[in-house]
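Some notes on the structure that comes next.
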Amino acid sequence: MNIQRWIARRESNWQRLDALLRQVETKGLKSLKATEIKELASLYRSVAADLARAQTQQVGNILIHNLQSLTTRAYTQIYQGSRRQEWQAVAEFYRWELPAVVQQTFPYIAAATALFFLGLLIAWWYAWQDPTFISLIVPERLISQVRDERKLWMGSIVGIEPLASSGIMINNLKVSFGAVAGGITAGAFTTYIMVFNGLLIGAIGTLVGQNNLAYPFWAFVFPHGALELPAIFFAGGAGLLIARAILFPGEYRRGDALKFYGSQAVQLIFGIVPMLVIAGVIEGFFSPNPRIPDPFKYLFGTGLFIFFFIYCNRKRSSVKG
């Protein structure tokens, strides 16, 4: 092989790859056009082959070192750089896109929330009118503990926080995914889950209120409920989105409607999961902790909800050129 002629023929590719890499290293992969990204990948494979040939032909240590440096830089940007881009996309989703989806799907989330509070009000009304109503919804063990022993059940979490926290997360995820999947029943199962959970909270809230335990009970609920309840409302909204696609596709064909509304539902799910994980940690470790004063729990829960409300209402600022 004529080494000088080979170098002269291949050198333009090496220079072009170096130029593309310099641009990526200073401005990021997004600064390249689609055709330039394809060119970058093609040049990387070509220069990697040149490196292998240079090593077998013993063209000189300096050239081999330069080609090694070039291929290493290209590998880093193409493979590790793409992973960085993926993490940047995840951060961008939770920073801006999730609040936007919440705002776009707010009517469905509001409808799910209304179903929950409808169940809560029904339970509250009937529980005060007829005390036996509570036993239809609340387990007898909890009723006897509150009425007979005059104490709440949250103390059982203390001492087994990791186990309790993981169990709480799993249970809440089951309820939420059930509400989402309920959309395929034209929303019937989603409606049932939202109303039933409202009935449960309403009945328990009335039970503790009748036995003068409302203050410590809601002190327990406030910290994790600030995220847990909105997550369940989001799940209900996602289920109703799917039901909308099935029942009222509108101007779309039903398959296209399922893709459109299903995409919004999936984005809500991506928000629900971390919310329930955080809520599970709070419910397992913070909410039942007897060393934390109840007023601070109320303050923490209120602050967390205000922060979450502001987050859901944030909008990406548009810069006009």
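The values are calculated or read from the model by the stated rules, or taken from the named source; none is laboratory data. Quick caveat, the model's predicted, so the values are computed rather than measured. Glycine also receives a Cβ, built like all others from the backbone with ideal geometry; neighbour counts cover every protein chain displayed. The area values use the complete protein model at the heavy-atom level, side chains included, leaving out ligands, DNA and RNA. Shrake-Rupley method; radii C 1.70, N 1.55, O 1.52, S 1.80 Å.
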Handout entry: Potential lengthening between LYS174 and LYS30 on full extension [0.36 nm per residue; Cα-Cα distance subtracted]
Key = 48.0 nm
Completion exercise
Given a Förster distance of 25 Å, the FRET efficiency implied by the Cβ-Cβ spacing of PHE270 and THR302, rounded to the nearest 0.05, works out to 0.45
Exercise for the section: Could you provide, to the nearest whole Å², the per residue accessible area of the stretch 32-144 with probe 1.4 Å? Expected result: 61 Å²
Exercise for the section: Residues in the stretch 40-63, backbone N under 11 Å from the label point at SER69 (7 Å along the Cα-to-beta-carbon vector): list them, ranges by number please. Expected result: 62-63
Exercise for the section: Can you send over the carbon and sulfur percentage of the accessible area for the stretch 17-126, probe radius 1.4 Å, protein chains only? Expected result: 59 percent
Problem - Mean Cβ neighbour count within 10 Å, used as a protection proxy, ranking 283-295, 229-241 highest first - result: 229-241, 283-295
Problem - Accessible area per residue, Å², the stretch 173-321 with all protein chains present, probe 1.4 Å - result: 49 Å²
Problem - Whole-Hz couplings from phi, Karplus 6.51/-1.76/1.60, listed for the stretch 202-212; x for Gly and Pro - result: x, 5, 5, x, 5, 4, 6, x, 5, 10, 6
Problem - Using a Förster distance of 41 Å, the FRET efficiency for ALA49-ARG95 (Cβ separation, nearest 0.05) - result: 0.50
Practice task
Would you mind pulling out the separation of the Cα centroids of the stretch 223-297 and the stretch 20-61, in Å?
Solution key: 44 Å
Practice task
Just the number, please: carbon plus sulfur as a percent of the accessible area of the stretch 215-321, 1.4 Å probe, no ligands or DNA/RNA counted.
Solution key: 71 percent
Fill in the blank from the handout: Expected unfolding gain across THR185-LEU118 under the 0.36 nm per residue rule, minus the alpha-carbon gap, is 22.1 nm
Problem - Rough spin-label spacing in nm, given labels placed 7 Å along Cα→Cβ, for ARG141 and ALA8 - result: 8.8 nm
Practice task
Match the structure shown to one of the listed values [x] 15.8; [y] 25.7; [z] 17.3 of mean projected area of the Cα convex hull in nm², computed from it, and give that label.
Solution key: [y]
Exercise for the section: Work out the charge dipole of the chain with +1 on the Cβ of Lys and Arg and -1 on the Cβ of Asp and Glu about the Cα centre, then indicate which of PRO290, GLY239, VAL59 is farthest towards its positive end. Expected result: VAL59
